[in-house]
Amino acid sequence: MSSWSQVSIAFSPRSKGNYLVTREIEAQVKDELKKYKMGVANIFLQHTSAALTLNENCDPDVRTDMDMIMDRIAPDNAPYEHTDEGKDDMPAHVKSSLMGVSLNIPISNGKLALGTWQGIWLSEFRLATHRRRAIVTINGSTK
């Protein structure tokens, strides 16, 4: 039988950087996930200056390197028109658009079916600490 579920989740407050949040997400959706034999989870971040991505879950240097390269792609000191919210706001919008704010992850036997070295990252692009929220929508065959 096919079913839908939706859960609103909150991430711990964070400042600029890339954070491995797989366990944080799983902890908040485990009761819903375990109902599904097979399906898909869409994780949608409700913000325009942060992003979600799927990447390396082991070596933290990958997260540091990603932060460095995104700063080169969208530097704080570019001649942006939108500057009302600080010099880090417009570059954060650019980075969010480039990386994206949603992920679709398969569900298999009540768990997110991630690869061995895959982890879900929350990429925070603002310098100040922010509390981010997401909506997780699940569709699939229930057990």
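The values are calculated or read from the model by the stated rules, or taken from the named source; none is laboratory data. Everything numeric here is computed off the predicted structure, so don't read it as measured data. Note: ideal-geometry Cβ built from the backbone for every residue, glycine included; neighbour counts use all protein chains shown. Just the protein is used for accessible areas: all its heavy atoms, side chains included, with ligands, DNA and RNA removed. Shrake-Rupley method; radii C 1.70, N 1.55, O 1.52, S 1.80 Å.
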The condition of being among the β-branched types (V, I, T), at pLDDT 95 or above and either open to solvent by 60 Å² or more (accessible area, probe 1.4 Å) or more than 20 Å from T129 (Cβ to Cβ) (or both) holds, among I43, I9, only for I43
The lone condition L52 fails out of (1) of a type in the set (A, V, I, L, M, F, W, C); (2) buried (at least 18 other Cβ atoms within 10 Å of the Cβ); (3) not in a strand (DSSP E or B) is (3)
Counting only residues that are touching a Ser or Thr at 6+ places or on another chain (Cβ under 9 Å), closer than 30 Å to M1 by Cβ and assigned to a strand (DSSP E or B), the range 108-132 contains a total of 3
Residue hits (the range 31-48; more than 21 Å from W121 (Cα to Cα) and part of a loop (DSSP other than H, G, I, E, B)) are K34, K35
Matching residues in the range 88-107 (open to solvent by 40 Å² or more (accessible area, probe 1.4 Å), of a type in the set (S, T, Y) and more than 30 Å from Y36 (Cα to Cα)) number 1
